[in-house]
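Right, one structure below, let's go through it.
The values are calculated or read from the model by the stated rules, or taken from the named source; none is laboratory data. Just so it is clear, the structure is predicted and the values come from calculations on it, not from any experiment. Quick reminder, even Gly has a Cβ in these numbers, built from the backbone with ideal geometry, and neighbours come from all protein chains shown.
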Amino acid sequence: MVTVGVRNLKDQLSQYLELVKNGERVLVTEHNHPVAEIIIPQKGIIENDSQEQKLFRRLAANGRAILADRTVSTAKSADFVFTDGSRPDEYNSLTILDEIRSDRI
């Protein structure tokens with residue numbers, strides 16, 4: 001993490017933004033007291049995120065988790081057969097998990 005005073009940040013903003021683009025965190029201080037932290041935004045951050053999504057985004061921002069590129073994966077396969085014998089043309093990972101776990105309910 002790089003630390004910079006407000007005045008130096010204003011004078012050399014482009015240089016510090018380049019550091020952030022490269023994954024560095026920049027701690028902004030005023031009279032040696034932290035007042036802000038500049039980090040690269042996570043993909044897909046929105047105000048309507050659930051509490052769980054916000055938690056995962058915080059963990060990812062701290063380097064403690066890696067976010068998936070998409071929320072629900074989809075797949076096509078003739079090999080997958082539900083217990084009732086049907087074969088879906090398209091299904092997602094949640095459908096598969098529900099099917100796998102159906103015997104535990």
So is V20 surrounded by 11 or more Cβ atoms within 10 Å (Cβ to Cβ), over 30 Å from L94 (Cβ atoms) and either modelled with pLDDT of 95 or more or among the basic types (K, R) (or both) or not?
-> no
So is A36 at pLDDT 90 or above and loosely packed, with under 12 Cβ neighbours inside 10 Å or not?
-> yes
